[in-house]
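The next block holds one structure in the form of structure tokens; read it before the comments.
Only the coordinates and a few stated rules stand behind these numbers; no lab work does. Bear in mind the structure is a predicted one, so any value in this text is a computation, not a measurement. Methodologically, a virtual Cβ is constructed for each residue, glycine included, from the backbone with ideal geometry; neighbour enumeration extends over all protein chains shown.
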Amino acid sequence: LIMGAQAMLDDGLYNFIPTPDVLIGLHTAPGPVGTVINPPGTRMAGTDQVDVHFHGVGGHGSMPSKTKDPVRMAAQATLEFSSLVARTVEPSATAVLSVGSIQAGADNNVIPSEALVKANLRWFEPHVREALLGAIRTVSDSIARAAGVDEDKLPGIVMKGGSPPLVNTPDLAVSMSASLGEIIGADKVITDMPAVTGSEDAHMLRGPHTDLPFNYLLVGVAAPEVFAEALSRGELVPYYPHNPNYVVDLAAIAFGTKIAAYSVLSLVDGS
């Protein structure tokens, strides 16, 4: 739920550790083992996990006219949400609104009284986030009202967790890339790549230390031959995150450890 960093802060992280001079994060990426992605500036989108809870009137499936069907409301909302980015966000901006889960009922012949839609936002600009959150509220309320739901039973919206966009401190990213290039080869350090709509909360570990320099590296974990085969098929990567085909080459463990160690050493010796 992208709440780990905030939970650590809430639990008193800086009561147990000293304030660091620099914060570094690493993550896997479906690029070839031996490569590191480390551009400066904005790297990942901000995100919000949003639960929309529809309230209705349940009843028997043989008498739907006696109900206010929340399953239907949830289904309508899911379809409407799919068009909100195109109709709410200016074309020059980037945003994503996805529904990952609809939960309602338990039986074939019973219309439940509640339904839950679990949605996810990705954004780079705060005004885009606010526009989409407002649109989610407007659409959800409109669907409930059209179904005859009373005003005091309009959908509940719960913000479960989120993170602002991840931004690498430019000077730190540039210097670290130069140092790593001396170890693994400059051609293996990718410093020119657009930001992605994936999200992360490692940068939130800054907590109150908002000026703390931060750098987040993506380490390739795909077997080079698997990556090459994907490129030959016209695919950018052999697999995507959270995909059952995501396979980590075990050689990436040693390589990732090397990258982590040299990233720290480059700060210690000033190289």
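Among 117-123, 6-12, 80-86, sorting by the average number of other beta carbon atoms lying within 10 angstrom of each residue, highest first, gives 117-123, 80-86, 6-12.
Listed from fewest to most Cβ neighbours within 10 Å, the set Met204, Met176 follows the order Met204, Met176.
3J(HN,Hα) couplings calculated from phi for region 34-42 with the Karplus curve 6.51 cos²θ - 1.76 cosθ + 1.60 (θ = phi - 60°) are, in sequence order, x, 10, 10, 9, 8, x, x, x, 5 Hz; Gly and Pro show x.
By the Kirkwood approach, averaging reciprocal distances over each pair of separate Cα atoms, region 46-163 gets a hydrodynamic radius of 14.7 Å. Take every Cα pair under 8 Å whose residues are at least 6 apart in sequence, average their separation, divide by the length of region 46-163, and the relative contact order is 43 percent.
For region 159-211 versus region 27-79, the spacing of their alpha-carbon centroids is 26 Å. Charge tally around Arg129: other residues with Cβ under 14 Å, Lys/Arg +1 each, Asp/Glu -1 each, net -2. Here region 192-224 is scanned for amide nitrogen atoms under 14 Å from the site 7 Å beyond the Cα of Leu13 along Cα-to-Cβ, giving 200-216. Between the amide H of Glu125 and any residue lying 5 or more places away or on another chain, no distance stays under 5 Å, with hydrogens modeled in the peptide plane. Counted as membrane-span-like here are DSSP H helices of the chain whose alpha-carbon atoms extend 20 Å or more along the helix's own axis and whose Kyte-Doolittle mean is -1.0 or above; these are 126-146, 170-184, 251-268. Taking N as the residue count of region 119-167, its C-alpha radius of gyration divided by 2.2 N^0.38 Å amounts to 1.39.
Quick check for the chain: number of Lys pairs with alpha-carbon distance under 22 Å, counting only pairs 8 or more apart or on different chains? Numbers along the way, then the final one.
On the way: Lys66/Lys153; Lys68/Lys118; Lys68/Lys153; Lys118/Lys153; Lys118/Lys160; Lys188/Lys258.
Counting lysine pairs in the chain gives 6.
Select from Gly34, Gly234, Gly207 the residue whose mean-square fluctuation is largest in a Gaussian network model of the chain (Cα-Cα springs shorter than 10 Å). Largest GNM mean-square fluctuation: Gly234. Seen from Met159, the other residues with C-beta closer than 10 Å to its C-beta sum to a net charge of -1, counting Lys and Arg as +1 and Asp and Glu as -1.
Applied to region 107-114, the Karplus parametrisation 6.51 cos²θ - 1.76 cosθ + 1.60 on θ = phi - 60° returns per-residue 3J(HN,Hα) values of 10, 5, 10, 10, 7, x, 9, 9 Hz, with x for Gly and Pro. An ellipsoid equivalent to region 1-108, defined through the eigenvalues of its Cα gyration tensor, has semi-axes of 41, 22, 14 Å when rounded to whole angstrom and sorted largest first. Among beta bridges identified by DSSP and lying wholly in the chain, the antiparallel ones come to about 75 percent. Summed over qualifying helices (DSSP H, 4 residues or more, each -39500 (n - 2.57)) and divided by its residue number, the chain shows a 222 nm mean residue ellipticity of -10500 deg cm²/dmol.
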